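> What follows is a structure written as structure tokens; I'll ask about it next.
The values are calculated or read from the model by the stated rules, or taken from the named source; none is laboratory data. Source: prediction; values computed, not measured. Backbone-built Cβ (ideal geometry, glycine too); neighbour counts: all protein chains shown. Protein only, heavy atoms only, side chains kept; ligands, DNA and RNA dropped before computing areas. Shrake-Rupley method; radii C 1.70, N 1.55, O 1.52, S 1.80 Å.
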Amino acid sequence: MKKMKSTMKISKTTLRSIAIICSALLVCVSGWASVKVEGFPFYFVIQNMLCIFFSALWGGTQGAGISGLLLAAGALGAPVFAHGGHGLDYISGDAGGFLLGYFFASMLIGYILKTPKIDEKTSFNKILSACFGGCVLIYVIGIAHYFGVHDLKFNKTAIKVLSLLGFKWYIISDIVKIAIASVGAYFLRPIVAKYFYEEKEI
């Protein structure tokens, strides 16, 4: 009996590791699913949504690990950022702060939501709040980095600059993405808890 339980534990641990690696690969590949609109400084991407979604889905440190793998792969030269972007120059450029924000947002979301539990379904409001907070953190880090690159100070002029850059459209698209990520995580977290974790782990 003990041997069977041990085998089941190894099986679920291995299955979880494979699922997390697949999640990271999906996040990396999603960099190519990006659209550049003339007059807008950044690509419209789904990569931020996937980072938020997987952080909410797995909870704990797993989401941060996925975002960390994305950053590490990109820094080492893999074309995993928007439209195949890569390298340290890309990370230190205009959009680099948003990429770094993925990692810290994932940490925040994982800390708030924790690991999914079989006997306790996380409320939708909590998931939505965590995802929203993570997205706000991405914007804070991303905009602060962008201002630093261009030697701008946060004042009325800077706010006008953001308006001219069309940031309201990024925000509107990200609100939609937060809603999608939150709904997905709400329904899938119980499945993750059931099939990828032993009861003693959670």
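> Give me the pairs, please: first residue somewhere in region 85-114 and farther than 19 Å from Cys135 by Cβ, second residue anywhere and aliphatic (A, V, I, L, M) and in a loop (DSSP other than H, G, I, E, B), beta-carbon distance under 8 Å, and either six or more positions apart or on two chains.
Hits for this filter: Gly85/Ala95; His86/Ala78; His86/Val80.
> Given the residues Ile127, Ile141, which is the only one that is of a type in the set (Val, Ile, Thr), closer than 14 Å to Gly96 by Cβ and within 18 Å of the chain's Cα centre (by Cα)?
It is Ile141.
> Of everything in region 62-99, what is in contact with a His (Cβ under 7 Å, 6 or more places away or on another chain) and under 24 Å from Gly184 (Cα atoms)? Give them in sequence order.
Of everything in region 62-99, just one residue is in contact with a His (Cβ under 7 Å, 6 or more places away or on another chain) and under 24 Å from Gly184 (Cα atoms), namely Val80.
> Going residue by residue through region 158-168, is there one that turns out to be open to solvent by 70 Å² or more (accessible area, probe 1.4 Å), of a type in the set (Val, Ile, Thr) and at pLDDT 85 or above?
No, that holds for no residue.
> From the list Ser11, Ser17, Ser67, exactly one residue is hydroxyl-bearing (Ser, Thr, Tyr), modelled with pLDDT of 95 or more and either crowded, with 18+ Cβ neighbours inside 10 Å or within 18 Å of Val192 (Cβ to Cβ) (or both). Which is it?
Among Ser11, Ser17, Ser67, only Ser67 is hydroxyl-bearing (Ser, Thr, Tyr), modelled with pLDDT of 95 or more and either crowded, with 18+ Cβ neighbours inside 10 Å or within 18 Å of Val192 (Cβ to Cβ) (or both).
> Same structure again: Within the group Lys177, Lys126, Lys121, Lys114, which residue is modelled with pLDDT of 90 or more and closer than 19 Å to Ser30 by Cα?
Just one listed residue meets the conditions, Lys177.
> Looking at region 141-158, I want the residues that are touching a residue at least 24 places away in the same chain (Cβ under 8 Å) and have a partner that is open to solvent by less than 50 Å² (accessible area, probe 1.4 Å) and of a type outside the set (Gly, Ala, Ser) with Cβ atoms under 6 Å, at least 6 apart or on another chain. Which pairs are those?
Sorted first by the residue in region 141-158, then by its partner, the pairs are Gly142/Phe98.
> Of the conditions (1) under 12 Å from Ala56 (Cα atoms); (2) buried (at least 16 other Cβ atoms within 10 Å of the Cβ); (3) charged (D, E, K, R), Lys177 clears all except one; give me its number.
Among (1) under 12 Å from Ala56 (Cα atoms); (2) buried (at least 16 other Cβ atoms within 10 Å of the Cβ); (3) charged (D, E, K, R), Lys177 violates only (1).
> Also, I was wondering about something else. For residues that are of a type outside the set (A, V, I, L, M, F, W, C) and not in a helix (DSSP H, G or I), scanning just region 29-57, find the one that is modelled with the lowest pLDDT.
My answer is Gly39.
> Right, another one. Looking at Val136 and the list (1) under 15 Å from Ile109 (Cα atoms); (2) without any contact (Cβ under 8 Å) to a residue 60 or more places away in the chain; (3) open to solvent by less than 60 Å² (accessible area, probe 1.4 Å); (4) not small (Gly, Ala, Ser), which single condition is not satisfied?
Status for Val136: all satisfied but (3).
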